[in-house]
2 protein chains.
Amino acid sequence: MSALPPALTETLRSRFEDRFSIAQALREQHGRGESHHTPEIPDAVVFAETTEEVADLVRLCAAENVPVIAYGAGTSLEGHLTAVRGGISIDLSRMSEILRVSAEDLDCTVQAGATREQLNAHLRDQGLFFPIDPGANASLGGMASTRASGTNAVRYGTMRENVLSLAVVLPTGQVIRTGGRARKSSAGYDLTRLFVGSEGTLGIITEVTVRLYGIPDTISAALCSFESVEQAVNAAIAVVQLGIPVARMELMDRGLIKAVNAYSNLALKIEDTLAFEFHGSPAGVQEQVEMVAAIVEDHGGKDFEWANAPEERNRLWKARHNAFYAVVSQRPNAKGWSSDVCVPVSQLSGCIVKTRELLQGCTVPAAILGHVGDGNYHVVFAVDPTNPREIEEVAAINKKMVEYAISVGGTSTGEHGVGTGKIAYLRHEHGDAVDLMAVIKHAIDPKGIMNPGKILPG
Amino acid sequence: MSALPPALTETLRSRFEDRFSIAQALREQHGRGESHHTPEIPDAVVFAETTEEVADLVRLCAAENVPVIAYGAGTSLEGHLTAVRGGISIDLSRMSEILRVSAEDLDCTVQAGATREQLNAHLRDQGLFFPIDPGANASLGGMASTRASGTNAVRYGTMRENVLSLAVVLPTGQVIRTGGRARKSSAGYDLTRLFVGSEGTLGIITEVTVRLYGIPDTISAALCSFESVEQAVNAAIAVVQLGIPVARMELMDRGLIKAVNAYSNLALKIEDTLAFEFHGSPAGVQEQVEMVAAIVEDHGGKDFEWANAPEERNRLWKARHNAFYAVVSQRPNAKGWSSDVCVPVSQLSGCIVKTRELLQGCTVPAAILGHVGDGNYHVVFAVDPTNPREIEEVAAINKKMVEYAISVGGTSTGEHGVGTGKIAYLRHEHGDAVDLMAVIKHAIDPKGIMNPGKILPG
């Protein structure tokens with residue numbers, strides 16, 4: 001049953017024909033991401049193909065006070081796609097064109113529905129790559145909307161640092177560009193950064209211009225085992241504090257390695273592990289490797305296992321990217337629940353110790369992994385979403401992790417976003433600054449139709 | 001003559017005693033920056049010593065609709081300090097405490113009035129530095145407010161990338177913190193980036209938390225001469241496009257070298273010059289130097305002249321930082337007018353050619369310099385501010401430069417900010433996005449008391 005005003009339904013059907021749908025299964029798919037959050041389904045789905053179509057859709061919905069929710073690849077982990085007040089899910093997956101690549105300026109512009117794997121496949125022949133890599137094959141629009149990052153952020157930064165400008169449809173239906181192509185600018189308010197991380201609550205991103213990088217001359221990857229997670233974390237902290245420009249430095253606890261081995265058909269040693277990737281010139285990589293090897297040894301790390309052949313390296317990182325799915329697949333009919341705190345690196349070891357204490361006696365299968373070079377780590381739980389006791393158990397652990405992270409200067413979410421899942425922590429983290437966020441939200445979207453119920457407490 | 005409401009004058013005088021002043025010379029000093037803009041003086045100056053005092057001041061002024069203008073080191077180049085509607089200049093120079101340094105997390109928090117040279121002097125013993133370096137010894141609050149950068153931005157980024165969080169006094173007098181100390185966060189709107197570059201028009205920054213870096217093991221600097229500016233620029237573009245991580249790559253045309261030699265008592269070869277600095281390990285620097293040397297040779301560059309002893313290097317960069325003053329000092333009673341466009345690197349050579357054409361026949365002494373690794377360059381003119389014909393001549397050249405930069409995807413200001421000087425170009429550059437900036441401004445500062453007449457067209 002769709003609750004859309006009949007006149008709007010008619011208008012959309014005649015304008016978008018079979019790209020407008022109220023089919024139950026499609027709506028259900030569009031009302032959920034990849035995690036445990038209870039889905040709530042939109043009243044209809046429209047597959048948009050141009051920025052102008054998105055603008056028309058928003059204009060039509062605004063006139064009727066109908067919510068709009070942008071949908072990219074559906075890989076949200078914090079309930080961003082939940083249609084808490086119904087409305088239209090605007091599916092941007094058909095807007096996936098790579099509009100422009102400049103090898104000279106190391107940048108490109110893509111439609112918001114293009115995915116990171118698609119972009120990198122497109123760039124490979126030109127010797128270029130786009131480094132931001134959340135585990136999922138997310139859309140660039142979705143990644144910009146949640147201020148995503150991933151394993152490469154320790155060296156290349158997050159979407160915050162790598163988006164140069166955006167095309168955005170505002171709640172009025174007006175289309176703006178938030179910037180040009182210069183590497184830096186002091187010309188007015190930073191609208192690009194305002195929309196990066198705004199989760200569709202201020203406007204809908206339809207084009208994304210991002211920085212690109214040359215594929216490094218030398219890429220080298222290695223795994224290193226430790227007796228304990230704490231040892232591994234302390235080694236990682238030392239690497240960060242010495243400023244060694246590692247490209248990736250990922251923690252995988254032994255539980256995760258086990259899950260990954262099963263899911264990706266690997267035979268990694270089942271120990272607490274750091275996975276490294278080094279980018280640079282041959283001499284530069286050699287130098288990084290030697291420095292890291294010495295640190296690792298000092299912290300009780302056991303011998304490096306190298307994965308230098310591209311196919312071996314790709315297998316390793318693909319397995320790491322699939323870690324979320326690997327943990328979830330350990331249990332039939334489970335859903336994933338990934339915590340996502342990020343703390344100052346000096347606090348990371350204490351946080352992980354605290355987290356491991358919290359996990360003692362936890363009845364839900366869980367594994368720890370993290371982009372430890374940034375102070376960002378996750379516990380992935382494989383929960384039974386039909387079991388309220390389990391949901392409550394994980395929620396309690398998650399709450400303690402978040403509160404502890406905030407108490408040491410950290411954040412409730414390093415890269416997944418607020419969605420519905422972290423709303424309860426926003427004021428705890430930001431205090432009165434939340435009121436300013438609400439002022440901005442209300443000024444830009446006075447009707448509250450842009451992805452309602454996300455980011456800001458009610 | 002102060003136009004302040006007498007009751008406010010009384011309140012401020014009794015609250016701040018001799019830190020409240022309506023002395024003419026002091027007000028004149030606070031109504032101008034370092035460039036050609038016609039000063040307009042505030043009604044009074046208050047020297048604030050704490051965030052709470054700033055909050056009280058703003059609250060008192062807001063109640064009477066009296067404008068407030070933050071004043072740091074007074075080094076603005078685009079008229080940010082001009083009291084176009086009178087009001088109170090809040091001088092933050094006494095709020096210069098370094099509040100906290102964490103060598104472990106590579107970050108620190110300072111009061112907004114601390115200057116970059118003061119901070120670096122404080123950090124040196126710990127082997128740390130803060131890389132953002134506009135020519136002037138600006139305050140960190142001012143640098144955040146204008147989204148400043150400087151010679152190191154090609155490697156270390158600008159204030160946009162290096163501010164972790166801020167304490168800000170809002171137009172209501174409320175004090176907020178825009179973030180924690182985690183390296184990344186997806187928890188809500190990016191208020192930090194909203195205030196970075198907002199030039200005091202949304203609130204007054206009172207504390208700044210920034211990233212720090214370890215002083216590199218090896219630092220090496222070199223000058224290289226070219227037959228023409230175009231050759232030098234093309235060499236610089238090639239260095240950027242190959243992704244060589246130079247720390248600094250600065251263009252100085254022969255006119256500038258002449259001025260710098262005279263001002264800083266140096267004997268640099270009077271030719272179009274690129275100045276480089278390389279940071280890294282000994283092997284890493286060696287590698288960068290070899291790659292750059294090969295590129296420079298391909299582009300007709302003549303032999304490197306090294307400045308590796310710290311005192312020699314410091315002299316070189318001090319001279320470069322004083323370039324603005326060097327050009328201005330060529331002419332008695334002149335004022336500086338610095339253009340400040342930034343373009344995609346692929347467009348830089350064309351822009352410089354165009355600029356040199358515009359400068360042919362210019363009657364005002366001028367020199368070209370630039371952070372060419374970012375596509376950001378300046379023409380510094382030494383104008384006679386009492387001669388309207390000269391002001392008109394430079395304004396016409398500046399206008400053409402800005403319009404050309406925008407036409408190739410660039411920006412009207414790479415690092416100096418909008419102030420009053422670039423307002424006329426904002427809509428040309430951003431189109432309808434300016435309306436969104438105005439919506440944000442009006443929502444946060446409905447009375448329009450925060451540094452009025454800056455950034456947004458009237």
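Computed from the coordinates by the stated procedures, all read-outs in this text should not be read as laboratory data. Just so it is clear, the structure is predicted and the values come from calculations on it, not from any experiment. With ideal geometry, Cβ positions are generated from the backbone for all residues, glycine too; neighbour counts draw on all protein chains shown.
Return the average number of partner chain Cβ atoms within 10 angstrom of each residue Cβ along peptide B:242-250. Kindly include the intermediate steps, with their values, before the conclusion.
Working: counts 1, 6, 1, 3, 0, 0, 0, 0, 0.
That works out to 1 on average.
Please average, across the residues of A:434-444, the number of beta carbons from any other chain that are within 10 Å of each residue's own beta carbon, and give a whole number.
Partner Cβ neighbours, averaged per residue: 5.
Once you put a point 7 Å from the Cα of A:H442 and another 7 Å from the Cα of B:E305, both along the Cβ direction, what distance in nm separates them?
Each label point is offset 7 Å from its Cα along the Cβ direction, giving 6.3 nm.
Ranked highest first by the average count of other Cβ atoms within 10 Å around their residues, in what order do B:72-79, A:237-244 fall?
On the way: B:72-79: 25.1, A:237-244: 18.5.
Ranking the peptides B:72-79, A:237-244 by packing returns B:72-79, A:237-244.
Just tell me how shielded B:10-23 is by partners: mean number of partner chain Cβ atoms within 10 Å of each residue's Cβ, no decimals.
Taking the mean over all residues of the peptide, I get 0.
Would you list, by chain and number, the lysines whose Cα falls below 20 Å from the Cα of A:K447, excluding same-chain residues fewer than 8 positions away?
Of all the lysines, those that pass the test against A:K447 - Cα under 20 Å, at least 8 places apart if same chain - are B:K441.
For a quick protection proxy, order the peptides B:437-446, B:3-12 by their average other-Cβ count within 10 Å, most packed first.
Result, highest mean first: B:437-446, B:3-12.
Which order do peptides B:198-207, A:388-397 fall in by mean Cβ count within 10 Å, highest first?
Most protected by this proxy first, the peptides run B:198-207, A:388-397.
Extending each Cα 7 Å along its Cβ direction at A:E312 and B:A103, get the distance between those two points in nm, one decimal.
That separation, rounded to one decimal, is 3.9 nm.
For region A:235-287 and region A:303-352, write down the distance between their C-alpha centroids in whole Å.
Taking the Cα centre of each part, region A:235-287 and region A:303-352 sit 10 Å apart.
Label-point separation (nm) for B:N65 and B:R124, each offset 7 Å from Cα along Cα-to-Cβ?
5.2 nm
State to the nearest 20 debye the size of the charge dipole of region B:201-255 about its Cα centre, where the only charges are +1 on K and R beta carbons and -1 on D and E beta carbons.
120 debye
Post the alpha-carbon centroid distance, region A:42-94 to region A:167-207, in whole angstrom.
18 Å
Given the -39500 (n - 2.57) contribution per DSSP H run of 4+ residues, what per-residue ellipticity at 222 nm results for chain A, rounded to the nearest 500 deg cm²/dmol?
-11000 deg cm²/dmol
For region A:336-346, in order, what is each residue's ³J(HN,Hα) by Karplus, 6.51 cos²θ - 1.76 cosθ + 1.60 with θ = phi - 60°, in whole Hz (x at glycine and Pro)?
So the Karplus estimates, Gly and Pro as x, are x, 9, 10, 6, 7, 8, 9, 10, x, 4, 4 Hz.
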